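Below is one structure; the comments refer to it alone.
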Amino acid sequence: MLTPREQEVLNTIVINFLKTKNPIGSRTVAKRSTLNLSAASIRNIMADLSEKGYLRQPHTSAGRVPTGKAIRLYITELFTPAPFSHQEKKQIENKLKQNMPDLEKTLSSASKLLSAVSEQVSLVLSPQKKLTHWKEIDFMWIKPGLVLSILVLEEGLIQNKIIQVNKDITKDDLIKFSNFLNEKFKGLPLYIVRQKILEEMQQAHAKFENLYQKAIHVAQKTFDDNNRKVFVEGTINILDKEQIKDIQTMKELFHFLEEKSRLLEILDKTIEENELSILIGEEDLESLEDYSVVSCPYSIKDEAYGVVSVIGPIYMNYPKIVPRVDLISKVLTEIFQEFY
């Protein structure tokens, strides 16, 4: 439990750090806080905050910087969110509605919008497949050997994918394939469909009649990379941050963004908790001590399905970013309620 004086000193240090990214000394804190105390008194308070784990000293002769514990306290209790206008919300709504009902285009657009307003890396996670159900699939012949699969889910979502098939497959074959697959899989959860397709693909081809074999094969191609997608935008922003001077730190972030299993593990926790969450590097993110992740779930039919997220330096502009992550997740939820 912090005293009012400790809270004021800590708040002053955190705000300065988020603006300058540099350590701050007791003289500067004395000038910028509202306490009207001497530098010596401020120094004593800073020493107490260090003992409590809220401040650290990067170098012997340097001032103090806030720890992850201090950043979390600031976010949860001390900072004031930067408001957004009705016009800003309306612009986001209009932009996202342009791509409906195409789920992937809508989520990709949301990621681009979030990266632009946050000036950080944005992540938007597509819905959990186990929560979606097959309604119907259709195939559009593009040219010999190339087909567009259009999978419509009972939740109203649409997933498109261009797949390669045998060049001898005709437009009539595609109609037969879709009829056969829809009769077999209609209403089943997608994770069950995927499981059945994989099981049947492993069986001897001799057991299949030609139509069955080819239809299952085409369906399997539709599900080849049907794992959940993470739409990532704004990686260039990492290189634009003057304060990120450690090349190794940048490499670790890029590696993290490429390692999908870690991303899904972190983002899925937000779905489980079903509320806005903030992960602070040194407290929550192994090997990413200098970064934070701000995430909020979006819902379809009153159930959390995916996540809107920003990852950036631990000193990111939380007052601006936190409410906008929340805003875009809420706008997605409102749009999905309207369309589905």
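The values are calculated or read from the model by the stated rules, or taken from the named source; none is laboratory data. The shown structure was predicted, so the numbers you read here are calculated from the model rather than taken from an experiment. Reconstructed Cβ throughout: ideal geometry from the backbone, glycine too, with neighbour counts over all protein chains shown. All accessible areas refer to the heavy atoms of the entire protein, side chains included, with ligands and DNA or RNA removed. Shrake-Rupley method; radii C 1.70, N 1.55, O 1.52, S 1.80 Å.
Observations on the model:
- Number of the condition not met by Lys251 [criteria: (1) among the charged types (D, E, K, R); (2) within 30 Å of Val152 (Cβ to Cβ); (3) at pLDDT below 85]: (2)
- One residue stands out among those in region 75-132 that are among the hydroxyl-bearing types (Ser, Thr, Tyr) and assigned to a loop (DSSP other than H, G, I, E, B): the one that is modelled with the highest pLDDT, which is Ser85.
- Those residues of region 103-150 which are small (Gly, Ala, Ser) and closer than 30 Å to Asp172 by Cβ, in sequence order: Gly145, Ser149
- The single residue among Val307, Val293 that is within 17 Å of Phe254 (Cα to Cα), in a strand (DSSP E or B) and modelled with pLDDT of 85 or more turns out to be Val293.
- Filtered residues of region 44-74 (kept if over 32 Å from the mean Cα position of the chain (by Cα) and in a helix (DSSP H, G or I)): Asn44, Ile45, Met46, Ala47, Asp48, Leu49, Ser50, Glu51
- Enumeration of residues in region 162-174 that are open to solvent by less than 40 Å² (accessible area, probe 1.4 Å) and in a strand (DSSP E or B): Ile163
- Any hit, region 133-147, residues being open to solvent by less than 30 Å² (accessible area, probe 1.4 Å) and under 30 Å from Val293 (Cα atoms): no
- Residue match in region 330-337 (condition: touching a strand residue (DSSP E or B) at 6+ places or on another chain (Cβ under 6 Å), open to solvent by 10 Å² or more (accessible area, probe 1.4 Å) and farther than 15 Å from Leu96 by Cα): no
- Out of Arg32, Arg56, Arg72, sole residue that is in contact with a Ser or Thr (Cβ under 6 Å, 6 or more places away or on another chain) and closer than 23 Å to Glu283 by Cα: Arg56
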